[in-house]
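Peer 1: I am attaching a structure below and will ask some questions about it afterwards.
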């Protein structure tokens with residue numbers, strides 16, 4: 001009997017899922033008798049600040065939201081924005097006969113289900129309903145086969161949540177005191193930041209080495225064709241039997257790792273080239289080996305993120321957003337998984353499509369299975385694959401834009417995973433000759449031919465290195481045999497330089513985190529989003545560049561909290577959480593060791609920070625004993641020649657000499673400068689650049705000195721008033737000041753320019769009624785003003801050039817209401833994966849921004865119109881959506897105005913008095929509430945921002 005018919009007899013069932021989109025899809029599969037509602041994510045969490053903590057809690061509990069003295073009991077509160085939804089769920093539950101908790105089948109989903117139970121307190125039977133794809137058969141199967149709530153999974157997730165809260169709320173305040181306010185630390189985000197910083201350190205320490213080699217173009221003398229080319233290129237490999245050095249032979253210090261290789265410099269390379277120009281060459285050996293390549297495993301979360309980055313240009317966050325929509329709408333299986341396993345149903349569907357689309361020759365005799373590569377893979381999900389027992393081809397889905405592209409990627413990878421190997425041959429040919437100087441030179445060329453493409457017919461994986469050769473690329477060599485004579489058509493000498501290690505991209509950072517077993521793969525997208533939001537990392541193209549701020553933060557964490565940002569320590573913590581999930585360890589004793597240091601053998605803070613003992617212990621002691629941390633030293637980095645880079649509260653700067661001394665120099669460093677680009681030469685250039693005021697001369701009329709300055713809100717010119725000029729009081733005199741035009745700069749503006757700018761506003765003339773029209777430069781650009789009527793001008797230069805007739809012509813036009821005509825976009829980025837609307841970059845009042853017509857997001861530091869990628873645009877929009885609409889400031893006393901409009905004149909006074917009394921009462925109550933919580937609130941004001949960090953860290 002189907003679930004629907006059972007329900008008709010059994011009453012009303014309430015099914016709760018996380019998202020409204022999922023609820024809508026599932027409702028269509030269950031039919032009448034079922035009510036499907038969404039919790040809209042978490043309904044309950046640790047408090048974001050002391051104001052959210054119930055009054056009965058005081059002290060550290062109020063600050064942390066966790067009672068560390070009573071077995072780390074968490075204080076959970078219903079999120080303010082979820083109270084209405086909880087009320088709705090309770091109302092639906094009151095009318096239901098059964099409750100099905102259908103949240104995701106992972107630790108977080110299990111925890112959400114548990115929180116729902118705790119808050120809703122159902123009095124009807126409760127069942128846990130799980131599924132990994134949203135198809136009719138899967139949903140009906142889940143309804144028919146529910147299970148019990150897995151309390152071990154809940155314990156593991158809650159332990160993780162409490163751990164992240166303690167880490168974030170205890171370590172972040174140290175950063176506020178010693179580096180800069182409003183910073184954050186997190187169990188995984190801090191380690192991820194350290195990885196990016198360490199890579200930049202390697203780039204800074206790197207020293208390039210120059211090396212040369214030869215490339216020869218050799219001809220067989222035959223007329224060639226596609227299968228047997230007439231000519232081919234080969235690279236010099238040995239000279240007199242000694243191997244020629246390549247880039248891999250040099251260390252990061254620019255020196256050879258071994259003396260056994262020959263380092264050719266330019267002079268040697270060119271001399272050898274000249275000696276070989278008339279040499280006779282012959283094939284010395286031909287080595288052929290069979291080539292075989294097996295298909296790639298189906299996608300799991302991290303491999304999908306990496307491949308979507310390589311092939312589609314998506315960031316990790318954008319990939320997960322698109323995948324979420326595909327899952328919720330029933331196109332793919334659950335997208336947060338560590339597994340590469342396919343169910344029997346999926347294997348059968350993939351094999352059927354191989355036969356249908358490529359033929360039986362491409363189908364292996366037995367289904368392929370893939371062993372999981374992730375240690376302690378979380379839960380028994382399948383790999384990410386198309387949903388259902390028959391895969392829809394991309395053309396059959398009706399999808400468009402980014403959803404189509406990601407589905408196609410998943411579909412191709414899944415089908416290819418059940419296809420035969422690609423086979424062929426790889427060939428290496430060695431060519432030798434003796435130069436006129438007697439030196440023997442040997443060149444080598446390698447080729448590859450694919451005789452059967454197998455799975456490559458459907459799918460070829462991308463590469464992180466843009467110069468890497470993909471698996472399906474063939475390189476055909478002529479059919480030659482040992483002893484065959486060859487002619488050197490051309491020999492070239494080529495110079496090379498070793499390159500520093502590449503910066504991480506989102507894809508390669510995800511790969512590194514997974515290989516080091518740091519954190520959970522399903523959380524990497526949010527971790528990368530966090531370090532970008534915090535300003536620890538910014539993007540240049542696709543590269544992740546650490547800011548100077550992150551150098552200071554990592555420096556402090558390494559020196560004082562070394563164990564907490566140790567890669568092995570973080571991985572071992574993940575193992576411990578997995579043991580708790582399996583019931584092999586208990587949460588409370590584990591948290592006690594981590595926080596209080598119990599079981600560390602008395603090593604205390606030193607051992608917990610940098611010792612070699614137990615990998616848990618001493619966090620509380622570490623964050624209490626801060627006397628050894630020198631804030632200035634933590635944020636100072638030598639550049640060279642006596643120059644220091646310092647990270648100040650208002651940004652990075654370079655400095656030389658003691659402050660207040662005659663030799664002291666200081667200059668700000670551009671916020672978007674990559675740390676490895678700050679050389680001694682650039683630092684000297686910054687210090688040599690004039691700073692402070694640029695003296696332009698004296699105003700001939702007043703005799704006052706006119707200067708140009710770089711201000712907080714941009715460059716401007718102003719006059720220096722004589723000493724003794726009153727600055728306050730009724731006789732105060734304000735100096736004339738004017739902003740520079742966009743076409744001007746502080747170091748090129750002239751005295752004449754400054755005097756013209758300070759002459760604004762300029763009187764253009766009067767209209768027929770004698771009303772004066774002036775040209776003025778305002779916050780939002782140049783404009784005309786006539787009484788209270790203002791009209792925008794198109795360019796700043798019009799302020800001095802516009803005539804009275806031109807101004808009157810502008811005023812003769814009807815005034816535009818609302819916004820001015822939209823400017824054309826600066827750049828088109830593509831279709832947003834969430835809103836499915838076209839995304840463009842526009843020039844706005846506060847600078848360039850991205851928009852999909854519904855949501856606007858200003859470009860960040862490090863972003864530029866020229867370099868911004870579609871994925872970065874989508875990320876900015878996603879972050880803006882997540883923050884929600886900006887809160888509007890309430891207007892004062894709206895009740896009075898409303899009352900005045902709606903009541904008769906004789907009742908107006910009464911209404912005003914009533915409103916005033918109510919307002920007074922409200923203010924009085926607010927003062928009492930404020931007095932009760934102000935002390936606690938002040939202590940945790942900055943902790944609110946950190947709370948979001950710790951919750952998003954895992």
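Peer 1: If you take the residues in region 775-793 that are surrounded by fewer than 13 Cβ atoms within 10 Å (Cβ to Cβ), assigned to a loop (DSSP other than H, G, I, E, B) and in contact (Cβ under 8 Å) with a residue 12 or more places away in the chain, which one is farthest from the chain's Cα centre (by Cα)?
Peer 2: Only one residue fits best here, namely 787.
Peer 1: Could you tell me whether region 172-192 includes any residue that is over 22 Å from the mean Cα position of the chain (by Cα) and closer than 19 Å to residue 46 by Cα?
Peer 2: yes
Peer 1: Here's something else I'd like to know. Are any residues in region 45-73 touching a residue at least 60 places away in the same chain (Cβ under 8 Å), surrounded by fewer than 18 Cβ atoms within 10 Å (Cβ to Cβ) and either touching a strand residue (DSSP E or B) at 6+ places or on another chain (Cβ under 6 Å) or over 24 Å from residue 623 (Cβ atoms) (or both), and if so, which ones?
Peer 2: Of everything in region 45-73, just one residue is touching a residue at least 60 places away in the same chain (Cβ under 8 Å), surrounded by fewer than 18 Cβ atoms within 10 Å (Cβ to Cβ) and either touching a strand residue (DSSP E or B) at 6+ places or on another chain (Cβ under 6 Å) or over 24 Å from residue 623 (Cβ atoms) (or both), namely 55.
Peer 1: Among the candidates 681, 662, 719, 655, single out the residue that is outside the structural domain of residue 798 (by TED's automatic domain parsing), over 25 Å from residue 863 (Cα atoms) and touching a strand residue (DSSP E or B) at 6+ places or on another chain (Cβ under 9 Å).
Peer 2: 655
Peer 1: Being touching a helix residue (DSSP H, G or I) at 6+ places or on another chain (Cβ under 9 Å) and assigned to a helix (DSSP H, G or I) is the filter here; which residues of region 496-520 pass it?
Peer 2: 506, 507, 508, 509, 510, 511, 512, 513, 514
Peer 1: In region 862-878, what residues are touching a residue at least 60 places away in the same chain (Cβ under 8 Å), over 15 Å from residue 544 (Cα atoms) and in contact with a strand residue (DSSP E or B) (Cβ under 6 Å, 6 or more places away or on another chain)?
Peer 2: 870 - this is the single residue of region 862-878 that is touching a residue at least 60 places away in the same chain (Cβ under 8 Å), over 15 Å from residue 544 (Cα atoms) and in contact with a strand residue (DSSP E or B) (Cβ under 6 Å, 6 or more places away or on another chain).
Peer 1: Taking the criterion of being crowded, with 20+ Cβ neighbours inside 10 Å and either closer than 30 Å to residue 650 by Cβ or touching a strand residue (DSSP E or B) at 6+ places or on another chain (Cβ under 8 Å) (or both), would at least one residue in region 495-504 satisfy it? Steps first, please.
Peer 2: Going residue by residue through region 495-504, those that are crowded, with 20+ Cβ neighbours inside 10 Å are 503-504.
With either closer than 30 Å to residue 650 by Cβ or touching a strand residue (DSSP E or B) at 6+ places or on another chain (Cβ under 8 Å) (or both) added as a condition, the list becomes 503-504.
Yes, the conditions are met somewhere in region 495-504.
Peer 1: On to the next question. Could you check, for region 120-138, whether at least one of its residues is assigned to a helix (DSSP H, G or I) and either touching a strand residue (DSSP E or B) at 6+ places or on another chain (Cβ under 7 Å) or under 13 Å from residue 39 (Cβ atoms) (or both)?
Peer 2: Taking every residue of region 120-138 in turn, at least one turns out to be assigned to a helix (DSSP H, G or I) and either touching a strand residue (DSSP E or B) at 6+ places or on another chain (Cβ under 7 Å) or under 13 Å from residue 39 (Cβ atoms) (or both).
Peer 1: Across region 194-212, what is the total count of residues that are buried (at least 20 other Cβ atoms within 10 Å of the Cβ) and part of a strand (DSSP E or B)?
Peer 2: Of the residues in that region, 2 qualify.
Peer 1: So how many residues does region 395-407 have that are assigned to a helix (DSSP H, G or I) and under 21 Å from residue 132 (Cβ atoms)?
Peer 2: Residues flagged as assigned to a helix (DSSP H, G or I) and under 21 Å from residue 132 (Cβ atoms) within region 395-407 amount to 4.
Peer 1: Suppose the filter is under 26 Å from residue 167 (Cα atoms), at pLDDT below 90 and either out of contact with any strand residue (DSSP E or B) (no Cβ under 9 Å at 6 or more places or on another chain) or not in a loop (DSSP other than H, G, I, E, B) (or both); does residue 523 pass it?
Peer 2: Spelling it out, residue 523 is indeed under 26 Å from residue 167 (Cα atoms), at pLDDT below 90 and either out of contact with any strand residue (DSSP E or B) (no Cβ under 9 Å at 6 or more places or on another chain) or not in a loop (DSSP other than H, G, I, E, B) (or both).
Peer 1: Now for a separate question. Only residues that are part of a strand (DSSP E or B) and either without any contact (Cβ under 8 Å) to a residue 40 or more places away in the chain or touching a helix residue (DSSP H, G or I) at 6+ places or on another chain (Cβ under 9 Å) (or both): list them for region 225-240, please.
Peer 2: Result: 236, 239.
Peer 1: Hey, another quick one. Just to be sure, is residue 771 modelled with pLDDT of 90 or more and either surrounded by 11 or more Cβ atoms within 10 Å (Cβ to Cβ) or under 27 Å from residue 696 (Cα atoms) (or both)?
Peer 2: The answer is yes for residue 771.
Peer 1: Let me ask something additional. With the structure loaded, tell me whether residue 583 is part of a loop (DSSP other than H, G, I, E, B) and under 19 Å from the mean Cα position of the chain (by Cα) or whether it fails that test.
Peer 2: No, not satisfied.
Peer 1: Also: Quick one: which residue in 113, 138, 84, 142 is crowded, with 17+ Cβ neighbours inside 10 Å and closer than 17 Å to residue 45 by Cα?
Peer 2: On inspection, the qualifying residue turns out to be 113.
Peer 1: Out of the strands (runs of 3 or more DSSP E) lying entirely within region 1-105, which hold 1 or more residues that are closer than 30 Å to residue 589 by Cβ and at pLDDT 90 or above?
Peer 2: Strands (runs of 3 or more DSSP E) meeting the threshold: 98-101.
Quick grid of which residues meet (1) at pLDDT below 85; (2) part of a helix (DSSP H, G or I); (3) farther than 29 Å from residue 864 by Cα; (4) outside the structural domain of residue 179 (by TED's automatic domain parsing):
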residue	(1), (2), (3), (4)
531	no, yes, no, no
553	no, yes, no, no
571	no, yes, yes, no
576	no, yes, yes, no
617	yes, no, yes, no
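Peer 1: Scan region 848-859 and give yes if some residue there is at pLDDT below 80 and surrounded by fewer than 19 Cβ atoms within 10 Å (Cβ to Cβ), otherwise no.
Peer 2: Checked region 848-859: no residue is at pLDDT below 80 and surrounded by fewer than 19 Cβ atoms within 10 Å (Cβ to Cβ).
The values are calculated or read from the model by the stated rules, or taken from the named source; none is laboratory data. None of these values were measured; they are calculated from a predicted model. Neighbour counts run over all protein chains shown; Cβ positions are idealised from the backbone, glycine included.
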